[in-house]
Structure formats: C-alpha cells, structure tokens
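**Student:** Below are the structure tokens for one structure; questions will follow.
The values are calculated or read from the model by the stated rules, or taken from the named source; none is laboratory data. Just so it is clear, the model here is predicted, and its values are computed rather than measured. Positions of Cβ are backbone-derived with ideal geometry, glycine not excepted, and every protein chain shown enters the neighbour counts.
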Amino acid sequence: MAYPYVGLTAPVDVSPIHAAAQRAKVGLFKPILWAVSHAANAVPELRQRIRGETIVEHDVVHPSYTALATEAVFNYCTVDHDDDIEAFFAAVDRETAAVADNTELVPDAPHRDDLLFVSSIPWRKITSFGHPVPLDPPDSFPRLSWSRVEALGDGRAEVMMQVTANHALVDGVHIARFFDAVEAASHRVAAALPSR
C-alpha cells in the first residue's frame, strides 16, 4: 500500500485518573502518559517493528513524547517505560525540564525503533488526528495521541484517544485492546497518586 497505516479515534474512560489527580492537585499528563505507555506494552502488536523483511518484537517499548517549550515551540522527550510509577514520573519531570527553554526542534532518538510516538492536545476535544508519517519507506512506530480530558458528570471523565499504526502489524482489534488496557491502567496509576 502507498499509505500502509491504520488509524482509529475513540473515547477512553480515564475517570480514575481524573478523580485522583483532582484530589492530589496534580496535572493529568504524567498519569495518562504512564497509562498509555503501560497499555501499549500490554499489546504485543504495538511492540512489534518492521526491519526490512523481518518483524521484531521488543520486550519493552518507551514513550517519546512532545513537550511544550517556551515560545509555543514543542520538543521531543524520551523516557524509559517503568512499571514503577514514581520513577517514571521523575524521569518525565527531568526530560521535560531539559527542553523547557529550547526553542529549536531537536529530533529525538532517530536510530531506535523501540519507541512509541506520543502527543497530547490538551486544549481541545479531538474527533480525529492526522499524524505526519513517512511514506518512502513507511515506518512501524505506533503514534498515540489524546485530547483534553472531559468531565462528563457523575464522576466520569474521558479523553478522545487516537492511534495510528502500520496496518501490516496492527489491526482494529489490537487498537481496541490498547484502549481497554489504558482504561485498566488508569486504575493502577490513580492509586499511585498521593491523596491530599
């Protein structure tokens, strides 16, 4: 296929994260990033990469996310996925602070294929999202995005979450499993947030 990618956007329930973040008076980005990273690692197809004529499956994949720097410039940060939520949050804090004053876009980790490309669009609710992707040749990095968290009332909250992935590896069923895994992971990360 000239465009070998599949994409799907759907609402994902993040009520536990939203409630716990409000109680702890902390932001939503790090808890959702951990849930997304954890969930992607739970779906083997999102850990697979195409290398020439071969498919490899990584034991663990890691988020490479966009962080807003000064002058409304974004930059790339990469952290290792860590099941230790506090260690993961600390790594995100360090990496995000490192690019906070950088006004030049710096490409991130071009020679690794164990990454997930992650973006958030916290200003608006999204209904679809188009990622820039290479076509010649195409790659096999999953691209994961989410929108502003919407409080729905009665304690529920959701984000619109979008996945774009190489269709040779990932199908709709795998994306649905990822969305389910994010919802499951939201309970675990919410339990790790401090109560105030």
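**Student:** Of all the residues that make up the range 144-196, how many are within 21 Å of ASP83 (Cβ to Cβ) and surrounded by fewer than 23 Cβ atoms within 10 Å (Cβ to Cβ)?
**Tutor:** 13
**Student:** Which of (1) of a type in the set (Gly, Ala, Ser); (2) at pLDDT below 95; (3) in contact with a Gly (Cβ under 7 Å, 6 or more places away or on another chain) is the odd one out, the single condition ALA72 does not satisfy?
**Tutor:** (3)
**Student:** In the range 21-42, which residue that is hydrophobic (A, V, I, L, M, F, W, C) and crowded, with 21+ Cβ neighbours inside 10 Å is modelled with the lowest pLDDT?
**Tutor:** The residue in question is ALA21.
**Student:** Additional query: If the requirement is being farther than 24 Å from GLY52 by Cβ and touching a His at 6+ places or on another chain (Cβ under 6 Å), which of these qualifies: VAL159, VAL173, VAL149?
**Tutor:** VAL149
**Student:** So how many residues does the range 56-72 have that are hydrophobic (A, V, I, L, M, F, W, C), exposed (fewer than 13 other Cβ atoms within 10 Å of the Cβ) and at negative phi?
**Tutor:** Residues meeting the conditions: 1.
**Student:** I'd like the residue in the range 103-127 that is hydroxyl-bearing (Ser, Thr, Tyr) and modelled with pLDDT of 85 or more and, out of all such residues, is nearest to VAL43 (Cα to Cα).
**Tutor:** SER119
**Student:** Just to be sure I understand the filter: pairs with C-beta atoms under 7 Å, separated by 6 or more residues or on different chains, first member in the range 160-182 and farther than 20 Å from ILE17 by Cα, second member crowded, with 18+ Cβ neighbours inside 10 Å and among the acidic types (Asp, Glu). Which pairs pass?
**Tutor:** Going by the 7 Å Cβ cut-off, the qualifying pairs are LEU169/GLU45; VAL170/GLU45; HIS174/GLU45.
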